[in-house]
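Take a look at the structure set out below.
The values are calculated or read from the model by the stated rules, or taken from the named source; none is laboratory data. If you're wondering where the values come from, they're calculated on a predicted model, not measured in any experiment. No Cβ is skipped: glycine too gets one built from the backbone with ideal geometry, and neighbour counts run over all protein chains shown.
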Amino acid sequence: MSKKIFLIVLAASLFFFSCERKEAAKDSIETEAVKDDFTQVTDNTSFGIVLRVDASLYDLENNTGSETDRTKWIASMSLGEKIIAGDIKRVTFSGDGRVYDFIEVWRDNGARGLAWDIQIAKGGEIAVVTDEKANLYRSPRMVEVTGFLVPRKTIVGYFPETENDGFIEIKCYDPQTGAYRQNYMRISSLSFRDADIQSSILLQTAEPLKDTGTEKIRKDALLETALANYSDSVFYADIEALLFPVSQPVINTETVDLESLELESVDAESIITAEE
């Protein structure tokens, strides 16, 4: 009887260890597959910066590798978000049916899709414009000024390897015109401090939000976070002004009908008499 029990226990143990080895081998194969896939991704990619508030991330309705493949919106990305950027693809934007350059994007949450190429600084590091109006230059020379200006607090991607004689190449996005600029800028026009960068991101994210409902709650939370965490930011006054706007005096615009007023006449002689 004890011999039978021993054989049963032995058989069960062998079966258990056999299953464990199979699972371990399966896990190893899957892990290697993930490693291979990651290597394949990173071989042709580099880190990048999102240059626009609520930049769109798209999938493709039919991914055939053709320019006629149409975009399908799947998510929004944050200004200043760090992503992995891949190859450029020419695909059709569903909004107007025209073909544009999009860039492959991998987010840190694992999401993958396509973003507008003009809204991503591939291979760039993050900085923020601190000059009121920062000039752009065609090359790192003062005489090569373009005439284009970049507004204060604009987030840019800069490329450290291009630094030359006080200039550096940057890429930025202009939400007002929908255009991007990739030119040189004076290094003195930029801040590389985390406090300035992060507070600018919070400020710009809050600016378009309404002053009612849930947007108002979100707006206040963003600005309060900026004030609490980045008190030494160069944008502190801008954030404070948006969070606590100065009340404007109320002006009565109603017209006054002078003819309806009963004006008392003044007797100059009586005034003189009274003074005497």
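Go through G123, G166, G110, G147 for me and flag whichever is of a type in the set (G, A, S) and closer than 16 Å to L190 by Cα.
Values: G123 fails: closer than 16 Å to L190 by Cα; G110 fails: closer than 16 Å to L190 by Cα; G147 fails: closer than 16 Å to L190 by Cα.
One residue alone meets the criteria, G166.
Six or more apart or on different chains, Cβ under 7 Å: which pairs go from a residue in region 84-104 that's surrounded by fewer than 16 Cβ atoms within 10 Å (Cβ to Cβ) to one that's assigned to a loop (DSSP other than H, G, I, E, B)? Could you list them?
Qualifying pairs under 7 Å: D87/N44; R90/E67; V99/E67.
Among the residues of region 126-148, are any free of Cβ contacts under 8 Å to residues at least 60 places away in the same chain, among the hydroxyl-bearing types (S, T, Y) and under 23 Å from D87 (Cα atoms)? Give the steps one after another, and end with the answer.
Applying the first criterion (free of Cβ contacts under 8 Å to residues at least 60 places away in the same chain) to region 126-148 yields 131-148.
Filter again for among the hydroxyl-bearing types (S, T, Y), leaving 137, 139, 146.
The next check asks that each one be under 23 Å from D87 (Cα atoms); those that pass are none.
No, region 126-148 contains no residue that is free of Cβ contacts under 8 Å to residues at least 60 places away in the same chain, among the hydroxyl-bearing types (S, T, Y) and under 23 Å from D87 (Cα atoms).
When region 194-249 is examined, which residues are found to be over 20 Å from I49 (Cβ atoms), of a type in the set (F, W, Y) and surrounded by 16 or more Cβ atoms within 10 Å (Cβ to Cβ)?
Within region 194-249, Y236 is the sole residue that qualifies.
Confirm whether N62 is at pLDDT below 95 and closer than 29 Å to T205 by Cα. Before you say what the answer is, go through the steps one by one.
Working: at pLDDT below 95: yes; closer than 29 Å to T205 by Cα: no.
Answer is no for this residue.
For K133, indicate whether it is in contact with a strand residue (DSSP E or B) (Cβ under 8 Å, 6 or more places away or on another chain), modelled with pLDDT of 95 or more and surrounded by fewer than 20 Cβ atoms within 10 Å (Cβ to Cβ). Steps first, answer last, please.
On the way: in contact with a strand residue (DSSP E or B) (Cβ under 8 Å, 6 or more places away or on another chain): yes; modelled with pLDDT of 95 or more: no; surrounded by fewer than 20 Cβ atoms within 10 Å (Cβ to Cβ): yes.
Spelling it out, it is not the case that K133 is in contact with a strand residue (DSSP E or B) (Cβ under 8 Å, 6 or more places away or on another chain), modelled with pLDDT of 95 or more and surrounded by fewer than 20 Cβ atoms within 10 Å (Cβ to Cβ).
For S139, are the conditions met, namely being in the same structural domain as A75 (by TED's automatic domain parsing), assigned to a loop (DSSP other than H, G, I, E, B), among the small types (G, A, S) and on the phi < 0 side of the Ramachandran plot?
Numbers: in the same structural domain as A75 (by TED's automatic domain parsing): no; assigned to a loop (DSSP other than H, G, I, E, B): yes; among the small types (G, A, S): yes; on the phi < 0 side of the Ramachandran plot: yes.
It is false that S139 is in the same structural domain as A75 (by TED's automatic domain parsing), assigned to a loop (DSSP other than H, G, I, E, B), among the small types (G, A, S) and on the phi < 0 side of the Ramachandran plot.
With respect to R218, is the statement that it is under 30 Å from E144 (Cα atoms), of a type in the set (D, E, K, R) and not assigned by TED's automatic domain parsing to the domain that holds V53 true? Please lay out each step first, then the result.
Details: under 30 Å from E144 (Cα atoms): no; of a type in the set (D, E, K, R): yes; not assigned by TED's automatic domain parsing to the domain that holds V53: yes.
So R218 does not fit the description; no.
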